[in-house]
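The block underneath contains the structure these notes are about, expressed in structure tokens.
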Amino acid sequence: MQQTKTLKVRVRDKHVPLLQQMARSVNFVWNYLNELSARSIRERGRFLSAFDLHPYTKGANKELGLHSQTLQEIAREYVTRRKQFKKSRLSWRKSGGVRRSLGWIPINTGAASWKSGQVYHNGHYFKVWDSYGLS
């Protein structure tokens, strides 16, 4: 029987500018989906599912510097949170200022891989602190 272990690793600090740019793009997509969903409810009286939101973000991954599966994960997470809080419109995610939102980049397990002691995602290699001796 094969076992799977989940490890938390910390990305090195030199990747902060790239990760912050990706987090700003995630916030941009979140806010876009928030506005699109609120407009759909207002005009048609219909909640959009994650599947309904995918065509609106299709092809934006190259301009935003995100993986296409990341866009799908943002849509899935948005719909989950909207249902959880039972709201037609959620709070805006802010990228700057003192009350900025926590930077997060949802990564699907199929979109990232471990190559030569580094995490490879969306065409970038991210060095991590190897406290487990993975390499």
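The values are calculated or read from the model by the stated rules, or taken from the named source; none is laboratory data. Nothing here was measured: the structure is a model prediction, and the numbers come from that model. As a convention, Cβ positions derive from the backbone with ideal geometry for all residues, glycine included, and neighbour counts pool all protein chains shown. Quick note on the areas: whole protein, heavy atoms, side chains included, nothing else; ligands and nucleic acids left out. Shrake-Rupley method; radii C 1.70, N 1.55, O 1.52, S 1.80 Å.
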I'd like the distance separating the alpha-carbon centroids of the stretch 24-81 and the stretch 83-110, in whole Å.
12
Between residue 20 and residue 60, with labels modelled 7 Å along Cα→Cβ, what's the label distance in nm to one decimal, could you check?
2.3
Solvent-accessible heavy-atom area per residue, rounded to whole Å², over the chain at 1.4 Å:
70
Potential lengthening between residue 104 and residue 120 on full extension [0.36 nm per residue; Cα-Cα distance subtracted]
4.0 nm
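Compute the signed sum of charges (Lys and Arg +1, Asp and Glu -1) over the other residues within less than 15 Å, Cβ to Cβ, of residue 54.
On the way: positive: 58, 76; negative: 52, 73, 77.
Around residue 54, the surrounding residues sum to -1.
Would you kindly calculate the translational diffusion coefficient of the stretch 1-60, applying Stokes-Einstein with the Kirkwood radius from alpha carbon pairs, for 10 °C and a viscosity of 1.306 mPa s, and quote it in µm² s⁻¹ without decimals? Provide the component values of the computation, followed by the final result.
Numbers: Rh = 14.7 Å.
Answer from the Stokes-Einstein relation: 108 µm²/s.
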Mean Kyte-Doolittle of at least -1.0 and a Cα length of 30 Å or more along the axis: which whole DSSP H helices of the chain meet both?
16-44
Provide, in order from the shortest bin, the percent of all Cα-Cα pairs of the chain in each 5 Å bin, continuing until the bin that contains the maximum pair distance.
2, 9, 17, 20, 17, 14, 10, 6, 3, 1, 0
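Considering only protein heavy atoms and a probe of 1.4 Å, how much of the accessible area of the chain is carbon and sulfur, as a whole percent? Intermediate values should be presented prior to the final figure.
Details: 4900 of 9470 Å².
The nonpolar share, carbon plus sulfur, comes to 52 percent.
Got the relative contact order for the stretch 36-135 handy, in percent, Cα pairs under 8 Å and 6 or more residues apart? If you can, show how the numbers build up before the last one.
Numbers: 75 pairs, mean separation 20.0, N = 100.
Taking the mean separation of contacting Cα pairs over the length of the stretch 36-135, I get 20 percent.
On average over all directions, what projected area in square nanometres does the stretch 61-135 have, based on the convex hull of its Cα atoms?
Working: hull surface 28.9 nm².
Computed as one quarter of the Cα hull surface, the answer is 7.2 nm².
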